[in-house]
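The values are calculated or read from the model by the stated rules, or taken from the named source; none is laboratory data. Keep in mind that what you see is a predicted model, and the values were worked out from it rather than measured. Positions of Cβ are generated from backbone atoms using ideal geometry, with glycine treated the same way; all protein chains shown enter the neighbour counts. Accessible surface is based on the protein model in full, side chains and every heavy atom, while ligands, DNA and RNA are left aside. Shrake-Rupley method; radii C 1.70, N 1.55, O 1.52, S 1.80 Å.
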Amino acid sequence: MIFRIIILCLICVSVAQQAVSQVAVTPSTTIEVIEGKRFYRHTVQQGETMFSISRAYNVSQQDILLHNPDAVEVLSIGQELKIPVPIVYEIHTVNRGETVFSISRLYNANINEILEVNPEIEQNEFRLSIGQQIKIPTIPLILPVTTTEAQQTEFVDPTNEFRIAFLLPLFLDDTFPESAPDPSMERDSEGRYRSRDGRFWIHQRSANALEFYQGALLALDTLREQGLNAQITVFDTMNDAERMAQILRSPEMSNTDLIIGPFTTGLVNQVADFARENEVHYVSPIAINVESMRNNPYLIQVNSGEINTVNPIVDFIATKENIHVTLIGNRAEADQTLFNAYRNRLRTVFDDNVLTVLQMRPDSLVQANRYLRGGLLNIVIIPAASEAFVNRITGQLRAASSNFQINLYGLEGWTKFVNLDLEYLYTLEFRYATAFFIDYDNPEVRNFLNKFRNMYHTEPTMLIGFDRISPLSYQFAFLGYDITYFFVSALKKYGRNFGNNLSDFRLNLIQSDFRFERIDPYSGFRNTNFKIYRYTRDYSIVRETVGD
């Protein structure tokens with residue numbers, strides 16, 4: 001017992017001496033926004049410890065270490081620490097009829113921030129009860145990124161040669177085989193295969209990548225006229241992980257300043273790991289799993305997928321008055337993610353008096369028009385990809401449109417359906433959100449088409465191969481131009497570390513309108529700039545604006 005008392009005394013003396021040795025910490029009042037979050041910038045002084053600093057700023061030591069991993073071992077005099085600004089909450093008591101959306105409007109707060117600090121709301125399927133108390137953050141958790149003076153400095157060395165790598169599934173062995181692919185093919189004087197009408201034969205698997213590269217070359221020509229000095233290397237990735245590994249080990253990939261491609265989902269993680277390890281920005285033209293983007297600040301996602309159109313669509317609908325919203329899902333579809341995202345988001349905005357949620361089977365005899373409301377604008381959302389299902393439901397709505405006012409919302413993929421009656425979409429004033437849209441009346445689009453025709457003696461196409469229409473939301477020639485022109489321009493202007501400026505970088509493009517944001521302070525970027533387009537009753541397609 002005496003031994004235990006002695007040990008306890010020694011511990012107490014040690015703690016007391018540590019407390020005495022600490023000096024009073026003077027908190028910094030300077031706040032900086034770094035990758036979307038607010039931080040105090042603190043410079044460590046003589047005698048300060050992690051404990052005393054955390055007490056001075058009223059922030060846990062764990063939170064400080066999370067943002068300053070170099071401080072885990074020891075603090076040194078003059079070391080700079082990022083101290084997260086504590087969040088201040090206001091408590092709101094829910095009144096009758098209030099939703100998460102209406103409360104966010106009341107406090108001018110972000111819905112996602114409210115949900116982050118009140119996880120029980122989502123667990124309760126976004127239903128609020130009268131008298132329930134919820135936290136309202138009065139300092140945003142995530143703020144728009146503002147550039148520092150250093151970030152605003154443009155890259156000023158035009159003599160520097162940039163290295164840009166295109167990783168494209170060209171499948172050149174298929175497009176230029178040793179033997180003719182079919183009897184109608186014959187070699188020309190240079191040994192290349194042509195069909196009888198004189199056109200080159202292109203394998204179906206090569207078509208998309210070749211068109212992408214054709215657009216990219218036009219962008220590079222324009223950038224060279226603007227003074228670009230770059231070394232371009234193109235790799236044929238095919239769809240082969242081993243081949244990709246060899247490419248990433250090649251000398252040409254060392255010191256690369258920008259990587260574009262591949263289109264193959266299975267190869268994304270290989271390139272993403274290489275980009276993170278070598279600190280080089282990697283632009284993926286295809287949709288990427290969100291988890292692949294976390295903890296990889298060099299990964300850039302151009303096509304964010306349908307799941308990220310949910311918020312823009314619901315926010316737009318929330319501006320409408322005197323409405324009833326009906327969400328209809330296809331129960332037979334294997335992937336219910338999009339339907340669930342709509343349901344959850346809609347429940348943050350509308351209560352059960354305004355919102356009806358249905359899931360039907362394709363063979364269901366239930367008529368969708370049973371849920372329409374007279375005297376109101378009926379908003380019908382169908383996040384389903386089955387053409388047969390969409391055709392059946394829209395047919396029912398078209399028949400009911402003479403008695404009810406209906407606005408239909410769905411997926412951009414519907415515009416590529418072969419058997420869907422377009423008259424349904426125009427009559428129901430169909431709307432969809434997309435990050436890609438080609439306005440053929442735009443002079444820049446016409447200029448691109450003229451250059452494309454003059455250089456390649458053909459037209460950009462929506463085809464994948466020869467026999468089916470692309471379900472994708474973009475044309476590859478336009479996409480190749482936009483991606484190359486945008487990101488090489490950023491590289492040319494800001495240098496290799498252009499990611500520091502990406503959130504604020506804007507250019508006028510021909511198919512896209514990029515606006516990139518991080519998912520969290522440590523993630524890569526994804527395009528968040530979705531626009532809503534409407535089919536009108538006079539058979540045109542127009543871009544929506546709030547208030548229309």
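Out of (1) open to solvent by less than 70 Å² (accessible area, probe 1.4 Å); (2) in contact with a Leu (Cβ under 8 Å, 6 or more places away or on another chain); (3) at pLDDT below 90; (4) in a helix (DSSP H, G or I), the odd one out for GLY499 is which?
Answer for GLY499: the failing condition is (2).
Yes or no: GLY78 exposed (fewer than 12 other Cβ atoms within 10 Å of the Cβ), modelled with pLDDT of 85 or more and not hydroxyl-bearing (Ser, Thr, Tyr)?
The answer is yes for GLY78.
Just to check your reading of the model, which residue among ASN322, ASN353 is of a type outside the set (A, V, I, L, M, F, W, C), in contact with a Leu (Cβ under 6 Å, 6 or more places away or on another chain) and over 21 Å from TYR432 (Cβ atoms)?
On the way: ASN353 fails: in contact with a Leu (Cβ under 6 Å, 6 or more places away or on another chain).
Result of the check over ASN322, ASN353: ASN322.
If you scan segment 356-400, which residues turn out to be β-branched (Val, Ile, Thr), closer than 16 Å to THR319 by Cα and out of contact with any Leu (no Cβ under 6 Å at 6 or more places or on another chain)?
ILE379
Can you say whether ARG361 is without any contact (Cβ under 8 Å) to a residue 24 or more places away in the chain, basic (Lys, Arg) and on the phi < 0 side of the Ramachandran plot, as far as the supplied structure shows? Don't jump to the end; show me each part of the working.
Numbers: without any contact (Cβ under 8 Å) to a residue 24 or more places away in the chain: no; basic (Lys, Arg): yes; on the phi < 0 side of the Ramachandran plot: yes.
Criteria not met by ARG361.
Give segment 280-294 a look and list any residue that's outside any helix (DSSP H, G or I) and modelled with pLDDT under 90, or say none.
Scanning segment 280-294 gives SER284, PRO285, ILE286, ALA287, ILE288, ASN289, ARG294.
Counting only residues that are touching a helix residue (DSSP H, G or I) at 6+ places or on another chain (Cβ under 7 Å), part of a loop (DSSP other than H, G, I, E, B) and at pLDDT 85 or above, how many does segment 129-144 have?
0
Could you list, ordered by first residue, the pairs with Cβ atoms under 9 Å in which the first is in segment 115-129 and over 16 Å from GLY97 (Cα atoms) and the second is acidic (Asp, Glu) and open to solvent by 70 Å² or more (accessible area, probe 1.4 Å), at least 6 apart or interchain?
If the second residue must be acidic (Asp, Glu) and open to solvent by 70 Å² or more (accessible area, probe 1.4 Å), the pairs left are LEU115/GLU122.
Does segment 235-243 contain any residue that is of a type in the set (A, V, I, L, M) and open to solvent by 10 Å² or more (accessible area, probe 1.4 Å)? Full working, then the answer.
So the first thing to find is which residues in segment 235-243 are of a type in the set (A, V, I, L, M), and the list is 238, 241.
Retained after the next criterion (residues that are open to solvent by 10 Å² or more (accessible area, probe 1.4 Å)): 238, 241.
Yes, some residue in segment 235-243 is of a type in the set (A, V, I, L, M) and open to solvent by 10 Å² or more (accessible area, probe 1.4 Å).
Do you know which residues across segment 26-67 are open to solvent by 70 Å² or more (accessible area, probe 1.4 Å), of a type in the set (D, E, K, R) and over 30 Å from SER503 (Cα atoms)?
ARG55
Read through the list (1) open to solvent by 40 Å² or more (accessible area, probe 1.4 Å); (2) under 29 Å from SER523 (Cα atoms); (3) outside any helix (DSSP H, G or I); (4) of a type outside the set (A, V, I, L, M, F, W, C), then give the number of the only condition that ASP70 fails.
Result: ASP70 fails condition (3) only.
Could you list, in sequence order, all residues of segment 74-125 that are charged (D, E, K, R) and assigned to a loop (DSSP other than H, G, I, E, B)? Explain how you work it out, then say what you get.
Initial filter on segment 74-125 (charged (D, E, K, R)): 80, 82, 90, 96, 98, 105, 113, 116, 120, 122, 125.
Once the filter is applied, which keeps residues that are charged (D, E, K, R) and assigned to a loop (DSSP other than H, G, I, E, B), segment 74-125 yields ARG96, GLU98, GLU125.
Can you tell me which residues in segment 369-385 are modelled with pLDDT under 90 and closer than 26 Å to ASN308 by Cβ?
Once the filter is applied, which keeps residues that are modelled with pLDDT under 90 and closer than 26 Å to ASN308 by Cβ, segment 369-385 yields only ALA385.
Given the structure, is LEU507 open to solvent by less than 10 Å² (accessible area, probe 1.4 Å) and of a type in the set (A, V, I, L, M, F, W, C)?
no
Does segment 440-463 hold any residues that are of a type in the set (D, E, K, R) and either open to solvent by less than 20 Å² (accessible area, probe 1.4 Å) or farther than 20 Å from GLN214 by Cα (or both), and which are they?
Scanning segment 440-463 gives a single hit, ASP441.
Taking only segment 82-111 into account, find how many residues are aliphatic (A, V, I, L, M), surrounded by 13 or more Cβ atoms within 10 Å (Cβ to Cβ), without any contact (Cβ under 8 Å) to a residue 40 or more places away in the chain and over 17 Å from VAL314 (Cβ atoms).
Selection size over segment 82-111: 0.
Take segment 223-253 and flag every residue that is among the small types (Gly, Ala, Ser), without any contact (Cβ under 8 Å) to a residue 60 or more places away in the chain and touching a helix residue (DSSP H, G or I) at 6+ places or on another chain (Cβ under 8 Å).
Result: ALA241, ALA245.
In segment 522-538, which residues are open to solvent by less than 10 Å² (accessible area, probe 1.4 Å), in contact with a strand residue (DSSP E or B) (Cβ under 6 Å, 6 or more places away or on another chain) and part of a loop (DSSP other than H, G, I, E, B)?
Passing the criteria: only GLY524.
Can you tell me which condition GLN270 does not meet? The list is (1) open to solvent by 30 Å² or more (accessible area, probe 1.4 Å); (2) under 14 Å from GLY480 (Cα atoms), and all the others hold.
(2)
Among the residues of segment 103-112, are any of a type in the set (Phe, Trp, Tyr) and either modelled with pLDDT of 85 or more or out of contact with any Lys or Arg (no Cβ under 8 Å at 6 or more places or on another chain) (or both)?
Taking every residue of segment 103-112 in turn, at least one turns out to be of a type in the set (Phe, Trp, Tyr) and either modelled with pLDDT of 85 or more or out of contact with any Lys or Arg (no Cβ under 8 Å at 6 or more places or on another chain) (or both).
Condition test on LEU258, is it crowded, with 16+ Cβ neighbours inside 10 Å, more than 25 Å from the chain's Cα centre (by Cα), closer than 22 Å to PHE498 by Cα and at pLDDT 90 or above? Step through it out loud before you land on a result.
Working: crowded, with 16+ Cβ neighbours inside 10 Å: yes; more than 25 Å from the chain's Cα centre (by Cα): no; closer than 22 Å to PHE498 by Cα: yes; at pLDDT 90 or above: yes.
So LEU258 does not fit the description; no.
Looking only at segment 394-417, which residues are part of a loop (DSSP other than H, G, I, E, B) and in contact with a Lys or Arg (Cβ under 9 Å, 6 or more places away or on another chain)? Show your work before the answer.
Filtering segment 394-417 for residues part of a loop (DSSP other than H, G, I, E, B) gives 401-404, 410-411, 417.
Passing the criteria: PHE404, GLY410.
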